[in-house]
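Just below is one structure, and these are the notes that go with it.
The values are calculated or read from the model by the stated rules, or taken from the named source; none is laboratory data. Quick caveat: nothing in here was measured; it's all calculated off a predicted structure. For neighbour counting, all protein chains shown are included, and Cβ atoms are generated from backbone atoms with ideal geometry for every residue, glycine included. When the accessible area is computed, the model is the full protein with side chains, heavy atoms only, and any ligands, DNA or RNA have been set aside. Shrake-Rupley method; radii C 1.70, N 1.55, O 1.52, S 1.80 Å.
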Amino acid sequence: MAKRKLSMHIVVSEYLGVACLAVVIILTALQVFMRYIVRNPLSWTEEIIRLFSAWMIFLGSIVAMHKKGHVSVDYFVNLLPVKMRRFLNLLTNLVMIIFFCFLTWTSYLLVGEMKGTNSSASGYPVPLFYWAILIGAAGMLLETVIQTIQLLIGWKDYGKEAEMHEGGSII
């Protein structure tokens, strides 16, 4: 039950990301139709596509963090002894936590600075764009903290898991 509650933000991120992709596809097709068939391009679609693309990217980053799907080069790490791999994974997670804290905080400040500003063509509030960064950074921070706790809890079993993945991982 606890695992399901922890994963709810992943399910929401996946569905919202798919919805954003659908909006991007529909608006892009509409813009192509209006520009090349009707010969009367819409001025607002580019800004809306950019907004939904940003949301799609940052929501997808949360899901990729959860599934450990971000690109990594672990060839040299896999050559190290298990204890050193364990330490490097923990160190990497701590650096990521610091980075995501910084990114969350600075995007929070940007949302506040852009308050009351609207985009030029479509008129949507500009902070909506920066909210994508804030939500994405906070979600990746949450995932990294969860993974770090799991790493610390399973510290004794780490060697067994590492031996199963001996010889590199498929990315």
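I'd like to know if region 93-101 contains one or more residues that are exposed (fewer than 15 other Cβ atoms within 10 Å of the Cβ), in contact with a helix residue (DSSP H, G or I) (Cβ under 8 Å, 6 or more places away or on another chain) and aromatic (Phe, Trp, Tyr).
The answer is no; no qualifying residue exists.
For the structure I just gave you, tell me whether residue 13 is over 27 Å from residue 123 (Cα atoms) and hydroxyl-bearing (Ser, Thr, Tyr).
no
Can you tell me which residue within region 136-156, out of those that are outside any helix (DSSP H, G or I) and without any contact (Cβ under 8 Å) to a residue 60 or more places away in the chain, is nearest to residue 7 (Cα to Cα)?
Initially, region 136-156 is screened for residues outside any helix (DSSP H, G or I), giving 154-156.
Retained after the next criterion (residues that are without any contact (Cβ under 8 Å) to a residue 60 or more places away in the chain): 154, 156.
Working: 154: 19, 156: 24 Å.
Ranking the candidates gives 154 first.
Please specify each residue of region 31-55 satisfying the condition of being hydrophobic (A, V, I, L, M, F, W, C), part of a helix (DSSP H, G or I) and over 21 Å from residue 126 (Cβ atoms).
If we filter region 31-55 for residues that are hydrophobic (A, V, I, L, M, F, W, C), which is where we start, we get 32-34, 37-38, 42, 44, 48-49, 51-52, 54-55.
If we keep only those that are part of a helix (DSSP H, G or I) as well, we get 32-34, 37, 48-49, 51-52, 54-55.
Matches in region 31-55: 32, 33, 34, 37.
Residue by residue through region 56-78, note down the ones that are of a type in the set (A, V, I, L, M), open to solvent by 30 Å² or more (accessible area, probe 1.4 Å) and assigned to a helix (DSSP H, G or I).
Answer for region 56-78, where residues must be of a type in the set (A, V, I, L, M), open to solvent by 30 Å² or more (accessible area, probe 1.4 Å) and assigned to a helix (DSSP H, G or I): 56, 57, 77.
I need the full set of residues from region 122-171 which are modelled with pLDDT under 90 and among the charged types (D, E, K, R), in order please.
Result: 156, 157, 160, 161, 163, 166.
Checking the condition touching a helix residue (DSSP H, G or I) at 6+ places or on another chain (Cβ under 8 Å), polar (S, T, N, Q) and either modelled with pLDDT of 95 or more or open to solvent by 60 Å² or more (accessible area, probe 1.4 Å) (or both), which residue from 119, 53 passes?
Selected residue: 53, the only one of 119, 53 that is touching a helix residue (DSSP H, G or I) at 6+ places or on another chain (Cβ under 8 Å), polar (S, T, N, Q) and either modelled with pLDDT of 95 or more or open to solvent by 60 Å² or more (accessible area, probe 1.4 Å) (or both).
List every residue pair whose Cβ atoms lie under 8 Å apart, where the two residues are 6 or more positions apart in sequence or sit on different chains, the first residue falls within region 109-135 and is without any contact (Cβ under 8 Å) to a residue 60 or more places away in the chain and β-branched (Val, Ile, Thr), and the second residue, located anywhere, is open to solvent by less than 40 Å² (accessible area, probe 1.4 Å) and not in a helix (DSSP H, G or I).
117/126; 126/119
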